[in-house]
Amino acid sequence: MREEAINRVKLVFTLFDADGNGVLESDDFELMSSRVAAAVPGADEARKQAMRAGFTRYWNTLASELDTDHDGRITYDEYQVCVLSPERFSGAIDAFASGFAHFGDVDGSGMVSRPVFVGMLRGVGFDLPNIHALFEAFEPDAEDRVRVDLWETEIRNFYAPDMGGIPADLLAPAAAA
């Protein structure tokens, strides 16, 4: 497993722990999807539902795969085991990546504008300089937009344990040595 993947997973766990209590719970995913929805007020209801469904499936996969004591809580150790196992988590990641990326395509053009991209990733909790670095890595067009399909692919790459040196690494800088 690549160090970059571990850094990405650590960061995402921290961000998805929206209430900061050290474990993931269904309420964290509801809170996170509400923050993202609020960041894109121009999105239509169908896109909001698809984005929220991606968050819900993500949580449901974690809960069904990892919550063996049925307490509704997932620790970091449990999370890392599942999320870095593509055979257990790829369906949830695919649904999440699609719903999330397409949510940003508010006008149906296949593109996401910088303000929407930034708003969504700020809604998740990523740092602004890292968001802008990722957006630039996607080589925005003259209208300062990036392709939805590129972003969707990169969301999948973000969770891939064998991927490193990818644009998504810009969201989770390496730990200081």
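The values are calculated or read from the model by the stated rules, or taken from the named source; none is laboratory data. This is a predicted model, so every value here is computed, not measured. Accessible surface areas use protein heavy atoms only, side chains included; no ligands, DNA or RNA. Shrake-Rupley method; radii C 1.70, N 1.55, O 1.52, S 1.80 Å.
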### Query
Which whole-Hz ³J(HN,Hα) couplings does region 146-162 yield from phi under the Karplus relation 6.51 cos²θ - 1.76 cosθ + 1.60, θ = phi - 60°, glycine and proline marked x?
10, 6, 4, 4, 5, 5, 4, 4, 5, 5, 4, 4, 4, 9, 7, x, 9
### Summary
Whole-Hz Karplus couplings 3J(HN,Hα) for region 21-36, θ = phi - 60° and coefficients 6.51, -1.76, 1.60, Gly and Pro as x, run 8, x, 9, 9, 9, 4, 4, 4, 6, 5, 4, 4, 5, 5, 5, 5
### Summary
Expressed in angstrom and rounded, the centroid-to-centroid distance over alpha carbons for region 53-71 and region 87-133 is 21
### Query
Short version: ³J(HN,Hα) in whole Hz for each residue of region 135-142, in order, from phi by Karplus 6.51 cos²θ - 1.76 cosθ + 1.60 (θ = phi - 60°), x for Gly and Pro, what are they?
4, 5, 4, 7, 6, x, 6, 5
### Rh (Kirkwood; distinct C-alpha pairs) - the chain, Å
16.3
### Query
How much accessible area per residue does region 3-164 have, in Å², with a 1.4 Å probe?
44
### Summary
Heavy-atom accessible area of region 46-103 with neighbours in place, 1.4 angstrom probe: carbon+sulfur share in percent works out to 49
### Message
Taking 8 Å as the Cα distance limit and 6 or more residues as the minimum spacing, I'd like the relative contact order of the chain as a percentage.
### Response
31
